[in-house]
Amino acid sequence: MDKHSSFAVSNPHKVPLDTIQKLGLWMGIIGLMILTLATFNIHAEPKNVFAIVSIVLMLVGAIIYGRQTYIKSAPGIKNNHVWFKTLTNRGVIGWFLGVILTLFYVLLYWFPKYLGLGIEGAENTGLIVMFDGLSQFFKGQPASQWFVYGTLYTLAIVSLGIKFMYKYRHNRYQLIRTVVVMACQLFLAYLIPEILEGLNTERPYFAKDIKNIWPLNYYFFESWHLDNMVNGGTLGMFYLVVGIFMFAVFTPIITYFVGKRWYCSWVCGCGGLAETAGDPFRHLSSKKLSAWKLERWLIHSVMVFIFVVTVAVLYGYFTGKGDVFGLSIYEYFSKPYGFLIGAMFSGVIGVGFYPMLGSRVWCRFGCPLAGYMGIIQRFKSRFRITTNGGQCISCGNCSTYCEQGIDVRAYAQKGENIVRASCVGCGICSAVCPRGVLKLENGPEKGRINPTDVLLGNDVDLMDLVNKR
Amino acid sequence: MEHIVIIGNGISGVTAARHIRKLSDKKITIVSAETDYFFSRTALMYVYMGHMKFEHTQPYENWFWKKNRIDLKKGYVKTVDTKNKTLHFSNDDTLQYDKLIIATGSKPNKFGWPGQDLDGVMGMYHKQDLESLEKHAPNNKVCKRAVIVGGGLIGIELAEMLHSRHIPVTFLVRESSFWNGVLPEQESAMINKEILSNGIDLRLGVNLKEIKADENGKAKSVVIAETGEEITCDVVGLTAGVSPNIDFIKDSGTRAEPGQSIETGRGVKVNRYLETNIPDVYAIGDCAEQHDPIGNRRPIEAVWYTGRMMGETVAQTICGNRIAYKPGHWFNSAKFFNIEYQTYGWVWAKPKDHEARFYWEHDSGKKCIHLNYDKDTREFIGINNLGIRMRHEFFDKVLSEKRTIDYVLEHLADANFDPEFYKLHEPEIVAKFNQENNTNIRLKKKSWKRIFNLTA
């Protein structure tokens, strides 16, 4: 049976691509090749122009490919052959992509000079020099590795987000959610911060992505960042006040009303990438009970970790000391968190392992902001996924396509609503359900969690007898 | 310790086992010849289509059974010796029971067609059928055309499966329109269109005459009875309904002493308590046949939901709380290619004398609702909804409280279960009803309070 998950490069049920799909695919590949070659210092001149050409090729190529792939068949669920494809079933192409992504993140975080970052005033080369023109345009300075990363990240969300919209064109929840998540990345995370950076070049750096809320933005309370905001004029003070407000007031209130989905699958950049570029890998998340246990330990450990780190750095900030209990705040708190969690977990494993572990590894096992909202969602929120009486047939589509690894079926087949800390409200379980069983809703808290033994549809007396508590 | 043996690890048997475990400490053994572990039969299609792997169709992880002390035994029961309370397996193994639950489900119907047992001819019911299909129809090179015989739920699912592998399909349907013994003509017509729009060669009003073999004994073509047309194909799917899978019970009966054989008709005959004529032997699910049908239900109900309900019920009886099987209001669901179908209450293919109907169809031709009500009392009787999801709780309550059609239409916004942001058609539906019936029903705004009270 398992010839499907073989390492064969070819798909045993391969469906040939048509001319338009090939055109889109090749445009994307050529765009990607321009940047790949640049990474090895093989540049086409002028670089600025070719950077734009590459971006346009990838964007338009993805749109053409996505449109042609999905528009050929009637609107509806498009999961045919997902487990047969080598890209989406941990085959050779999947592993290859995983290795490339992981390598890219390793270089990005720790060896940016191999991507072409000019060290100590040297000129950029390689991949990064390609983006100097764009960076000059925004903020009058050469590109950093983070500018390149931000540009490519935004490109991935927008181009593959449009592909996603063709895939789910029958589902208005998915369409609206995806437009919002794409816009949040393009404007809030990319254009506005870069433009503001350009307008305030004389001021020290501070994070200008308004939705990158502490503790996801783990350096928000670090001394240098607080100082830079305080010294950042009105704009800096604005970001300081809004940053605290977002975490302390806005987030819990909105999460109470609609669940953490408002952030995780509508606004967040990590979530945005997972929902668009990561969509073809969503089914690879583990649904085992053991994975859930690991999840609860890990995500809450990270929460405790960042809380301790933040207390330490704030102590340092207000006392002016560099250590706490004789331990260097930088060496023992900020640095390990930044390395282990900020870079290793959220970047290298979080995205690099998409084709192995699914698209939400960071969001599920690591993100402390998701953990914080998860606690609110589980214990004090109006959000739930309603199970439609006794209509579940236990088919398992919902669980299979849950990127967060929630065994949705385990609840649905008991007629029980799904109220889980980790649910990011992407709505795909509801979309793939063939029997109309699941609906994401915000409603009264009372009766939100409704354990049942005997399901609706059976003898009323029996239901009363068995389900009474 | 009392030993409960359940033959069949489908939804009925497994539900019974789970509930017996909740209620008691009895020893439980589930016997199956099909698979090691419970899986969702309705999901087999998604394995072939590549939406899921087989393991995803298993609702419980493999450790579940041991943890809950439910023994699993793989084996084919050949005969049941009710006198000595012993099962005899095909490999001469035996198993003693104190109480026996027969939950062996169905098997695909075959009506004695010539060639029905040829290589390449299969039903789509058991896991083995899926494996056979994977072998005979892996792609459109090995299988250049498939013919499906029988226009029911499994037939259309098989068509969708083959279509996902780009295999041309000819779909032979005996009725003049798809599933019109169950669906009213409007819904049936909508599904006909859906089938055709997916490129399926749908042939209505035709019967299978015979399946012809090639020199290797493999199916090579089918012949249509009405026209004599011969259609070349590599796979033939027989999906003309299912019947109880109880040959081994019938066999046992012929060998048993008088008074020791389990009474059978088409299925295993049971009373309201799901008890057979033999003490301590019960039958549930697809294989059980009620002596007298319950309400408007059929004596044999081969439906996922009813199997589960019987499992829930029989567990009570076995654990000392003897309780009759009294299913609540009828409901069901299916998916026809991209069109989802739900039904609550009764909407017959043809209206009965006292019934009035209201039908609304969306311009797209892919959504509709069909309401059935009493023309004198205006009591709501049932709804079919295609392409629109509806709340089970809402209609269950409406049916229990014997509400009128007017009430249902007024509260249609409460009933809707489509995902958020979907375009709602309730105003249009109510307007059409008012226009046709000269009424003045006003749609109420969706009320969480009302919806919530429904589920309290």
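Screening segment B:6-27 for residues that are surrounded by fewer than 24 Cβ atoms within 10 Å (Cβ to Cβ) and outside any helix (DSSP H, G or I) and picking the one that is nearest to the other protein chains (Cβ to nearest Cβ) gives B:Ser24. Taking (1) in contact (Cβ under 8 Å) with a residue 12 or more places away in the chain; (2) of a type in the set (Lys, Arg); (3) away from chain B (no Cβ under 14 Å) in turn, A:Lys22 satisfies each apart from (1). Within segment A:25-38, residues that are farther than 14 Å from A:Tyr65 by Cα reach partners that are surrounded by fewer than 16 Cβ atoms within 10 Å (Cβ to Cβ) and among the aliphatic types (A, V, I, L, M) with beta carbons closer than 7 Å, at six or more positions or on different chains, in the pairs A:Ile34/A:Ala44; A:Ile34/A:Val53.
Quick grid of which residues meet (1) in a strand (DSSP E or B); (2) acidic (Asp, Glu):
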{"residue": "B:Ile383", "(1), (2)": "yes, no"}
{"residue": "B:Glu393", "(1), (2)": "no, yes"}
{"residue": "B:Val398", "(1), (2)": "no, no"}
{"residue": "B:Asp406", "(1), (2)": "no, yes"}
{"residue": "B:Asp418", "(1), (2)": "no, yes"}
{"residue": "B:Ile429", "(1), (2)": "no, no"}
{"residue": "B:Leu443", "(1), (2)": "no, no"}
{"residue": "B:Lys446", "(1), (2)": "no, no"}
{"residue": "B:Arg450", "(1), (2)": "no, no"}
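Filter segment A:302-330 down to the residues that are surrounded by 15 or more Cβ atoms within 10 Å (Cβ to Cβ) and within 24 Å of the chain's Cα centre (by Cα) and list them by number. Result: A:Val302, A:Met303, A:Phe305, A:Ile306, A:Val309, A:Thr310. Of the listed requirements (1) over 30 Å from A:Ile406 (Cβ atoms); (2) out of contact with any Leu (no Cβ under 9 Å at 6 or more places or on another chain), A:Thr310 misses just one: (1).
Per the listing B:Gly387, B:Gly382, the residue uniquely within 13 Å of chain A (Cβ to nearest Cβ) and small (Gly, Ala, Ser) is B:Gly387.
Restricting attention to segment A:420-457 and to residues that are buried (at least 20 other Cβ atoms within 10 Å of the Cβ) and of a type in the set (Val, Ile, Thr), the residue that is modelled with the lowest pLDDT turns out to be A:Val454.
Of all the criteria given as (1) surrounded by fewer than 17 Cβ atoms within 10 Å (Cβ to Cβ); (2) in a loop (DSSP other than H, G, I, E, B); (3) in contact (Cβ under 8 Å) with a residue 24 or more places away in the chain, the one not satisfied by A:Trp95 is (2).
For segment A:36-51, residues that are surrounded by fewer than 14 Cβ atoms within 10 Å (Cβ to Cβ) and either of a type in the set (D, E, K, R) or part of a helix (DSSP H, G or I) (or both) total 2. Going through (1) more than 25 Å from A:Asn467 (Cβ to Cβ); (2) more than 10 Å from chain A (Cβ to nearest Cβ); (3) surrounded by 23 or more Cβ atoms within 10 Å (Cβ to Cβ); (4) not aliphatic (A, V, I, L, M) one by one, B:Gly75 falls short only on (3).
Could we say that A:Thr178 is among the β-branched types (Val, Ile, Thr) and buried (at least 20 other Cβ atoms within 10 Å of the Cβ) here? So A:Thr178 passes the test.
Check A:Leu462 against each of (1) at pLDDT below 95; (2) in contact with a helix residue (DSSP H, G or I) (Cβ under 8 Å, 6 or more places away or on another chain); (3) part of a loop (DSSP other than H, G, I, E, B) and name the one condition it does not meet. Of (1) at pLDDT below 95; (2) in contact with a helix residue (DSSP H, G or I) (Cβ under 8 Å, 6 or more places away or on another chain); (3) part of a loop (DSSP other than H, G, I, E, B), only one is false for A:Leu462: (3).
Scanning segment A:410-431 for residues that are touching a residue at least 40 places away in the same chain (Cβ under 8 Å) and more than 8 Å from chain B (Cβ to nearest Cβ) yields A:Lys414, A:Gly415, A:Val419, A:Arg420, A:Ala421, A:Ser422, A:Cys423, A:Val424, A:Gly425, A:Cys426, A:Ile428, A:Cys429. Summed over segment B:411-450, the residues that are surrounded by fewer than 17 Cβ atoms within 10 Å (Cβ to Cβ), within 14 Å of another protein chain (Cβ to nearest Cβ) and of a type outside the set (Phe, Trp, Tyr) give a count of 7.
Let me confirm something: among A:Gly350, A:Gly374, A:Gly390, which residue is buried (at least 24 other Cβ atoms within 10 Å of the Cβ) and either within 10 Å of chain B (Cβ to nearest Cβ) or in contact with a strand residue (DSSP E or B) (Cβ under 8 Å, 6 or more places away or on another chain) (or both)? None of the others qualify; the one that does is A:Gly390.
Pick from B:Lys127, B:Lys110: which is within 24 Å of the chain's Cα centre (by Cα), within 14 Å of chain A (Cβ to nearest Cβ) and at negative phi? One residue alone meets the criteria, B:Lys127. Residue count for segment B:390-410 satisfying the condition of being β-branched (Val, Ile, Thr) and either within 12 Å of another protein chain (Cβ to nearest Cβ) or surrounded by fewer than 19 Cβ atoms within 10 Å (Cβ to Cβ) (or both): 1.
If you go through segment B:38-68 and keep only what is assigned to a helix (DSSP H, G or I), more than 7 Å from every other protein chain (Cβ to nearest Cβ) and without any contact (Cβ under 8 Å) to a residue 60 or more places away in the chain, you end up with B:Glu55, B:Trp63, B:Phe64, B:Trp65, B:Lys66, B:Lys67. Specify the residue that is nearest to B:Leu23 (Cα to Cα); the eligible residues are those in segment B:69-89 that are in contact (Cβ under 8 Å) with a residue 40 or more places away in the chain and assigned to a loop (DSSP other than H, G, I, E, B). The selected residue is B:Arg69.
The condition of being over 17 Å from the mean Cα position of the chain (by Cα) and more than 18 Å from B:Asn207 (Cβ to Cβ) holds for only one of B:Leu172, B:Leu162, that being B:Leu162. Screening A:Pro204 on (1) surrounded by fewer than 19 Cβ atoms within 10 Å (Cβ to Cβ); (2) part of a helix (DSSP H, G or I) shows it passes everything except condition (2). Of all residue pairs spaced 6 or more apart or on separate chains, those with beta-carbon atoms under 6 Å, a first member in segment B:270-285 that is under 14 Å from B:Met309 (Cα atoms) and a second member that is among the small types (Gly, Ala, Ser) and surrounded by fewer than 20 Cβ atoms within 10 Å (Cβ to Cβ) are B:Arg272/B:Ala324; B:Tyr273/B:Ala324. For B:Asn332, the requirement of being crowded, with 17+ Cβ neighbours inside 10 Å and either of a type outside the set (A, V, I, L, M) or within 14 Å of chain A (Cβ to nearest Cβ) (or both) is met. The selection criterion, being farther than 18 Å from B:Val5 by Cβ, in contact with a strand residue (DSSP E or B) (Cβ under 9 Å, 6 or more places away or on another chain), modelled with pLDDT of 95 or more and assigned by TED's automatic domain parsing to the domain that holds B:Gly253, holds for B:Glu289. Considering (1) under 17 Å from B:Gly311 (Cβ atoms); (2) under 27 Å from the mean Cα position of the chain (by Cα), the lone condition that B:Tyr46 does not fulfil carries the number (1).
Taken as a whole, segment B:32-54 holds no residue that is in contact with a strand residue (DSSP E or B) (Cβ under 6 Å, 6 or more places away or on another chain), of a type in the set (A, V, I, L, M) and farther than 22 Å from A:Val408 by Cα.
The values are calculated or read from the model by the stated rules, or taken from the named source; none is laboratory data. Every value quoted in this text rests on a predicted model; they were computed, and no experiment measured them. Because the Cβ atoms are built from the backbone with ideal geometry, glycine has one as well, and the counts that use them run over all protein chains shown.
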